[in-house]
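J.: So that we are looking at the same thing, I have put the structure below in structure tokens.
FYI, it's all coordinate maths here, none of it is from the lab. As the structure is a prediction and not an experimental result, all values here were calculated from the model. Neighbour counts run over all protein chains shown; Cβ positions are idealised from the backbone, glycine included.
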Amino acid sequence: MKNFLPAIILSFSLSSEVNPANRHNLKHARRKPAAIPPTPFPSSAPMVPASPSRFYSRDVVIITEVVKSDYVFEAVAAMVFATQEESTVPFYRLGNAAGEYSFWTTNTTERDAAIKAGFLLVTSDQSYIYPTQICGSVPFYRVSGSGGKDTVYTTSDSERLQFVSQGFVDLGIAGYVLPFDAIQCSLLRMKTSVISLILGAFAVVTQAPAPVLGVEGPATLNSRTEATCGDVSDLAPFAELYIASITAHIYTIYDNNVTNIMFGNPGTQYLGIAALIFSIQDTSTVPFYCLRNNAASAYFYTANETEREAARASGYADLFTAGYIYPSQICGSVPLYRLHFLGANSDYIYTTSVTERENAITSGFTYEGIAGYVYDLLSCGILS
């Protein structure tokens, strides 16, 4: 049995109007021709050929720096291994010396040719994937545009074809990865943790949008997998960010929120994925509300209507519905613990990790119990 360790890989693209003061923070970012629309690309749509070169990383520190540099978080693309596991091969990241663009490959001949041509091997961001289709993996397609300066990776064949129809060159299959689809995660139960999330994608906007939080377009309820359980294909990553300026944690499943929060609050850190929750109200789930207290700087999440009303009476206001969770432990879900820092600047932390919960208590947080039941990368939405 192999162990899985959560990590992250991302895809980004950069506009011509990125603040030069931020550009040096990105090792692999590219100045692009003007003409990119001044809005984030929707997470459901592939980026058009006019957009700049993409950038992928599984490092949350890099993610934070990239979003600060006018990139827009879009979606989760796939999962890779953070360490070399049985039957996997290295997935190398190389960036050109000028810091304009980068690409990933498992091919050592291509790697060596790129290094000879002046590319740099980024060993700190190396991942591992399957060279053949085994263990529930799916193809990770690779297409290239902008004269080879824009390489896109996707598990979606329809997305691959759309890029090709728009002028991208089909470079075949880069390797085989695990899809970010909870239904596919039964193989994770057989192991215990070394999976790396490939969070894709990030696209650049011409100027930072206002930090407005909210939901995106309407979703359609998918078919059920079991009468009492939600459809695990409706699960979405519950991203965690820390806004240093107000010493507050905030969580969201909405990709545009991640970008807007970081744009609107300098110094904000992207901390990764806290859990997987439902994006729409599925069987047996209840709304998970986010409330904000401006006086205390805190973001408070609850699935309890009585608790929500009490919070509103004490100065909190409804901000948005964060998603949907189980009020009881069913269908393979795990507890989402809530911790509260009581002080001039109040703060809440939500985690599925007992270790993180205990560390927070040691750091001065008060444990307030279980906020509800969710999925994490280990439970992965498997029905029990």
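J.: Where a ≥ b ≥ c are the square roots of the eigenvalues of the C-alpha gyration tensor, would you call region 231-273 rounded, which needs a/c under 1.5, or, failing that, prolate if a/b is larger than b/c, or oblate?
T.: Prolate, since a/c reaches 1.5 and a/b exceeds b/c.
J.: Related question: Taking amide H positions as placed 1.01 Å from N in the peptide plane, with prolines and chain starts having none, which residues 5 or more places from residue 175, or on another chain, fall under 5 Å of its amide H?
T.: Placed amide hydrogens put 140 under 5 Å from residue 175.
J.: So how strong a dipole does region 232-374 carry about its Cα centre when Lys and Arg Cβ are +1 and Asp and Glu Cβ are -1, to the nearest 20 debye?
T.: 180 debye
J.: Another question, then. Between beta-carbons, use under 14 Å as the cut-off and find the net charge around residue 317, counting Lys and Arg +1, Asp and Glu -1.
T.: Surrounding charge for residue 317 is +1.
J.: Tell me, rounded to the nearest percent, the portion of alpha carbon pairs in region 232-374 spaced more than 19 Å apart.
T.: Looking at region 232-374, the distances longer than 19 Å represent 49 percent of pairs.
J.: Oh, and also: Report the net charge of residues surrounding residue 307, where surrounding means a beta-carbon distance below 14 angstrom and charges are Lys +1, Arg +1, Asp -1, Glu -1.
T.: -1
J.: How far is it, in nm, from the label point at residue 156 to the one at residue 318 when both lie 7 Å from their Cα along the line to the Cβ?
T.: In this crude label model, residue 156 to residue 318 measures out at 3.1 nm.
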